[in-house]
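Asks: Here you go, one structure.
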Amino acid sequence: MELFRTTNIDWLGKKWYFLGFSLIFSVAGVLSMAFWHGVPRGVDFKGGTLVYVKFDSTPNEDHLRQAIDAGGIHDASIQRISGALGQVANEEVISLPESSAADTSHDAGRERVLAALNNNYHDSHFEVQQVEIVGPTAGKQLQKQAWLATIYSLIGMLVYLWFRFELIYGVAAVVAVFHDTLITVGAFSLTNQEITLTVIAAILTLIGYSMNDTIVVFDRIRENLALSRRESLTDVVNRSINQTLSRTVIASGLTFLTVLSLYLFGGEVLHGFSFALVVGILIGTYSSIAVAAPMLVAYQDWRASKGKAATLPAGKRAKS
Amino acid sequence: MGKNLAGKTASIIAILVVACFGFVGIPHGSLKESIRRNIHLGLDLKGGVHLVLQVKVAEAVSGQTDNDVARLEADLEKAGIVGASVGKLDPTHLDTITISGTPLAKSSDVRSVLADNSYATYAVASNPDGSWKLTMKPSAVKDIEARALETSIETISERINKLGVSEPTVQQYGLGANEILIELPDVSDPARVQDIIQSTARLEIHQVAGGPYASDQDALQANSGVIPPDSVLMKGSGTTGGADQVWLLKRVSVVSGNDFRDAQPSTDENGRPDITFTLTTAAGNTFYKYTDANKGTGSMAIVLDNRVREVAGIQGAIRDTGRISGGGFTQQSAADLSLMLRTGALPASLEFLETRTVGASLGAASIRQGVEAAIGGMLLVMVALLIYYRGAGVNAILALILNLILLLGFMGYSGSVLTLPGIAGVILTIGMGVDSNVLIFERIREEMRLGKTAASAVQSGFAHAWITIIDTHVTTIVSAMILFLFGTGPVRGFAVTLAVGLLANLFTAVFVSRVIFDAVLAKKERGAALSI
């Protein structure tokens, strides 16, 4: 079976559509981060207390809120976890910001939530499944470390690509990956889903995946440039994308299948994680064609306009 | 090409067997059980308590200078220097000791006392007015801090071991921030564990210099507004129980922290829980001298974590055993406290930074759902590969399965812990594994379209795809290594499975898949078509 034999799509001719599409999504995300939901950070990063309670039956939301309020906790947010397909939605996440936990001791928040629940629901009717308490310094430190690790690893990738191809290839790949991360984090902001440590792992996964996709296209461009030096760069890039298109669709499609099944059936704990992957794989595949490759051409045009040699460095010749 | 196929196949099978042994071990019970024994799951997957705490190492430094103040007072007195006042005047510099009030004429005597090797950890400066300033050297401060962290880890480990938690982890965490990570699988009540870990359990016996008073103000008034420099005020419920009272205690303790050899829960004559302690021989001698000298006249306070637990008159000379009673103990609290005393005092107090508790049922449910979904997804991928690539699809499936086996084998041998972020690494590995196969197959198809024979299409397909695979894999492995270096906890778990998975993938997608192709081609006649 074969999906595409020889496609002949003018990808670069559509670059303005791509630019528009990317801009709309990036700007929407950025606006949401700046003015609407912000970057919703989980307890992991912002500090605070999170109590995950499973009730025997779906509790009345108002009653639960009153119970928590009566326990002297006024700034708690209560979130119902939608049951996975065919399950009862009887799980609630009660989260308290750091300020309400830190007034007396590290685990004051948890104790107050438990006391409030015990006063209003009988012991047998609920079960505390998970408690997370993160102090303010720990949260900040985790956040800083996750950022630094990500930035350093991007620099590492850039340097390797510089060494294997040319600097512009590395820059284009990193810009594409940054674009993907921005849009994915934007998607979290738009849908107001919290970014937790496992979501960070998912974002790292999407960075790896998107980078992989971009390199496959770049490798083909390098190979084609080495073969035919007279063809225009636009044609070479178009041809390279078309040649790798069936691979792109098959590989991304298959990975997408796995991730989608994780998103649909993987359960609540994996929800944010698999959401990031679902968005990330779509956007990562798109960006290698629509962001990274056009950047190479744009770079060459820019060089030409400055009167420098119009040819893109073909990259170090591939050894075979 | 096609050379030494038997040798290659044999080495692949050998590697496969070794990897299987890594996570199955010697088969014993069901396969599921064997795997569970060899693959360690993180707390996010199996449930338990995860704590990160910080050791307040500055307290240990301050404690050392406190001791040195007392020693210095004694040494100066022994050298016949009277009227010296030794103390830590500056509350913001607890590593600094000042000596004032020594006559200028005695300067050389002070200098010779300070020249003693036991003060070598201080930088000494003398002022023209005859006062002295001792500042602890940075290297000594560092030593004390490192020792405090180490002792804290040891003490906490011992306390946890005595609680009987299976497979606990107590280790240094983070980069030089004096943090300790504690992981307790299968523990669901963090509160008690937290109490037991956190209690400094610094038990001291001080001489009572005055009191009890109703409040700090009363105490000040009774002492004409000034607390003597050798004394401190300390709160506690004392013998009476009930409301807190204030005592004036001699600053330097008679018996302190590490002088205790043993402590056991016991009951007093009324059947109430109390604690019996035993002192070390040396401390017992000191204690004997002290109680003998003060019997009938003085009283002493038993102080736990800077709070008076009990005040008792000294009725007779005591050598090495004593009792803490009347503290309103329950059987549980007496047992917990004696456990803490037995395992020794913490050199500094602790602050909790993170507490995460995952119920075992949630852990089990999440892993089951996640694994089922992942397996379901993989099966879908395998079916799709078979439909799309037919014969070659089998190569890809074998390569993927072998990749997973190698990864599991590594996890088993290295004892790495599989966490949720680790599973993210596995997913990326699978994604890139599928991609490697697809890259190769598409390339072979392209070459065949150009009219090459099956054998040479395979040959050049692998050759071309190989470069791309190397580039994608090395880039990702480089980033995984950097993540491992700079990341902590979850980010590291991701990096480890990713790096190992990709190395395994280079082997399976390129080498193993090639051997399978060669084996298939070797059986075919020249020029026969390839199922791809």
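Asks: Can you give me the long-range amide H partners of A:Q129? Hydrogens built in the peptide plane at 1.01 Å from N, cutoff under 5 Å, separation of 5 or more residues or another chain.
Replies: A:Y52, A:V53, A:K54
Asks: Any idea what diffusion coefficient segment B:98-194 gets from Stokes-Einstein, in µm²/s, Kirkwood Rh on alpha carbon pairs, 37 °C, 0.692 mPa s?
Replies: Estimated diffusion coefficient is 191 µm²/s.
Asks: Based on Cα positions only, what radius of gyration and what Dmax would you give for segment B:1-151, in angstroms?
Replies: Looking at segment B:1-151, its Cα Rg and Dmax stand at 31.5, 97 Å.
Asks: With N residues in segment B:300-420, what two-decimal value do you get for its Cα radius of gyration over 2.2 N^0.38 Å?
Replies: On the way: Rg = 29.9 Å, N = 121, 2.2 N^0.38 = 13.6 Å.
Cα Rg divided by the expected 2.2 N^0.38 Å: 2.20.
Asks: Still on this structure, please answer the following. Would you mind telling me which residue in A:K306, A:K15, A:K54 has the biggest mean-square fluctuation in a Gaussian network model of chain A, where springs connect alpha carbons within a distance under 10 angstrom?
Replies: Evaluated over chain A, the most mobile residue of the options is A:K306.
Asks: Continuing with this model, one more query. Which of the DSSP-defined H helices in chain A satisfy a minimum axial length of 27 Å, computed from C-alpha atoms, and a minimum mean Kyte-Doolittle hydropathy of -0.5?
Replies: Length and hydropathy pass: A:15-35, A:136-164, A:167-190, A:197-227, A:245-265.
Asks: Separate question: Give me a comma-separated list of calculated 3J(HN,Hα) values for segment B:209-223, in order, Karplus coefficients 6.51, -1.76, 1.60 applied at θ = phi - 60°, integers in Hz, x for any Gly or Pro.
Replies: Residue by residue, segment B:209-223 yields 9, x, x, x, 10, 6, 7, 4, 4, 4, 5, 4, 4, 4, 10 Hz.
Asks: Moving to a separate point now. Could you work out the mean projected area of the convex hull around the alpha carbons of the protein assembly as shown, in square nanometres to one decimal?
Replies: 48.1 nm²
Asks: Still on this structure: Using the Cα atoms as the points, what is the convex hull volume per residue of chain B in Å³? Don't skip to the end; give the middle numbers.
Replies: Values: hull volume 114.3 nm³, N = 532.
In chain B, the Cα convex hull volume per residue is 215 Å³.
Asks: Provide the per-residue ³J(HN,Hα) series for segment A:38-44, in order, calculated from phi with Karplus coefficients 6.51, -1.76, 1.60 and θ = phi - 60°, each as a whole number of Hz, with x at glycine and proline positions.
Replies: x, 9, x, 9, x, 3, 3
Asks: What's the exposure ranking of A:M1, B:M136, going from fewest to most Cβ atoms within 10 Å?
Replies: Details: A:M1 7, B:M136 22.
So the ranking, lowest neighbour count to highest, is A:M1, B:M136.
Asks: Another one. Mind listing the Cα extents of segment A:149-277 along all three principal axes, in Å, largest one first?
Replies: 54, 31, 22
Asks: Moving to a separate point now. Whole-Å semi-axes of chain A's equivalent ellipsoid, largest first, each the root of 5 times a Cα gyration tensor eigenvalue?
Replies: 48, 21, 15
Asks: So what is the calculated 222 nm ellipticity per residue for chain A, using -39500 (n - 2.57) for each DSSP H run with n of 4 or more, over all residues, to the nearest 500 deg cm²/dmol? Numbers along the way, then the final one.
Replies: Working: 12 runs with 198 residues, N = 320.
Calculated at 222 nm, the ellipticity per residue is -20500 deg cm²/dmol.
Asks: Quick one, could you list the DSSP H helices from chain B stretching 18 Å or more along their long axis (Cα atoms) with average Kyte-Doolittle hydropathy of 1.6 or above?
Replies: Details: long enough: B:5-24 (28 Å, 2.14); B:57-78 (32 Å, -0.50); B:138-163 (37 Å, -0.31); B:281-294 (20 Å, -0.81); B:360-389 (42 Å, 1.41); B:391-414 (35 Å, 1.82); B:420-449 (43 Å, 0.64); B:454-486 (47 Å, 1.33); B:489-505 (24 Å, 1.22).
Span-like helices here: B:5-24, B:391-414.
Asks: Moving on to the next point. For n ≥ 4 DSSP H runs only, could you compute -39500 (n - 2.57) per run for chain B, divide by its residues and tell me the 222 nm figure to the nearest 500? Each step should come with its number before you reach the end.
Replies: Numbers: 16 runs with 275 residues, N = 532.
Calculated from helices alone, the mean residue ellipticity at 222 nm is -17500 deg cm²/dmol.
Asks: Pairs B:K78/B:K289; B:K56/B:K137; B:K88/B:K137; B:K88/B:K142; A:K46/B:K142; B:K235/B:K289: which are spaced more than 25 Å apart, C-alpha to C-alpha?
Replies: A:K46/B:K142; B:K235/B:K289
Read the figures in this text as sums done on the coordinates, not as results from a lab. Worth saying up front: this structure is predicted, and the values here are computed from it rather than measured. Ideal geometry is used to build each Cβ from the backbone, glycine not excepted, and the neighbour counts take in all protein chains shown.
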